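Throughout, read-outs are computed from the coordinates displayed, never taken from laboratory work. Note that this is a predicted model, so its numbers are computed, not measured. We place every Cβ from the backbone using ideal geometry, glycine too, and count neighbours over all the protein chains shown.
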Amino acid sequence: MDQLSTLQQITIWILPVLFAITVHEAAHGWVAFKLGDDTAHRLGRITLNPIKHIDPIGTILLPIVLLLITAGQFVFGWAKPVPVDFYQLKNFRRDMALVALAGPAANLLMAILWVLVAKFGVVLVDNLQITAAIFLVYMGFAGVIINVLLMVLNLFPILPLDGGRVLHSLLPPNLAESYAQLEPYGIIILVALLLTNVLETILLPILGIVQQIFLWFIT
């Protein structure tokens, strides 16, 4: 997307980013509600309305800054976490994992839907609707990338990420209790992985494969 202007890049990425992070959070709340915890439901957080989930820094400021400093090559963000009272769940350990997996599962579903959006753009090319087609293809690609990125990153076995919740639910109770003590340091661990290029080493090959699969599906 190097040839696109900053405004064009923002226009292409804004909807995929908003929906990727808000649907992710809403999915957590919806599954929690189905499994016995109505906290998110009472707070009106089980909704696709992005306004309910927007975090000024993670949803707006950070994605725009990353978009600008990386020339549209990388974007990331987060929404306000949906509150979940795990002790209201019917089966604490099992349901904690199910609630955690709901977010990445939502991102996987959205990635598939964005592929279909891009494919529709290709169909428009065949009907000579070039401008609309290019926009949809670019937006579809952005939707796939941000959703796969969020899905993979959130599956890292680090608390408070979703993968950390799943691992916590799978560990024996005594080990789970010790593992939970690491949660306050989760963000520090993530930053360390980022600064040491460990995240880049893991994510870039995955995103490269995703890009190839994406191009295969839409052509």
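Give a residue-ordered list of calculated ³J(HN,Hα) values for region 10-22 (Karplus: 6.51 cos²θ - 1.76 cosθ + 1.60, θ = phi - 60°; whole Hz; x for Gly, Pro).
4, 4, 5, 8, 4, 5, x, 5, 4, 6, 4, 7, 7
Based on the Cβ-Cβ distance from residue 113 to residue 85, what FRET efficiency comes out when R0 is 25 Å, to the nearest 0.05?
Details: r = 30 Å, r/R0 = 1.22.
In this case the efficiency is close to 0.25.
If we count other beta carbons within 10 Å of each Cβ, what is the order of 59, 11, 201, fewest first? Could you put the intermediate results ahead of the total?
Numbers: 59 21, 11 14, 201 10.
Neighbour counts put them in this order, fewest first: 201, 11, 59.
What is the magnitude of the charge dipole of the chain about its Cα centre, with +1 placed on the Cβ of each Lys and Arg, -1 on the Cβ of each Asp and Glu, and no other charges, expressed in debye to the nearest 20?
It works out to roughly 360 debye.
Per residue of region 28-39, what does 6.51 cos²θ - 1.76 cosθ + 1.60 with θ = phi - 60° give for ³J(HN,Hα)? Whole Hz please, x for Gly and Pro, Karplus curve as stated.
4, x, 5, 5, 4, 4, 5, 9, x, 9, 9, 4
Pop out the ³J(HN,Hα) list for region 191-207 in order, Karplus 6.51 cos²θ - 1.76 cosθ + 1.60 with θ = phi - 60°, rounded to Hz; leave Gly and Pro as x.
4, 4, 5, 5, 5, 8, 6, 5, 4, 4, 4, 7, 7, 4, x, 5, 5
Give the lysines reachable from residue 80 as a straight Cα distance under 29 Å; neighbours fewer than 8 places away on the same chain don't count.
Partners found: 34, 52, 90.
I'd like to know which of 8, 137, 205 lies farthest towards the positive end of the charge dipole of the chain, counting +1 on Cβ of Lys and Arg and -1 on Cβ of Asp and Glu.
Towards the positive end, the residue furthest out is 137.
For the chain, list log₁₀ I(q)/I(0) at each q in 0.10, 0.14, 0.15, 0.18 Å⁻¹, using the Debye formula over Cα point scatterers of equal strength and ignoring solvent, two decimals each.
So the normalised log intensities work out to -0.48, -0.90, -1.02, -1.35.
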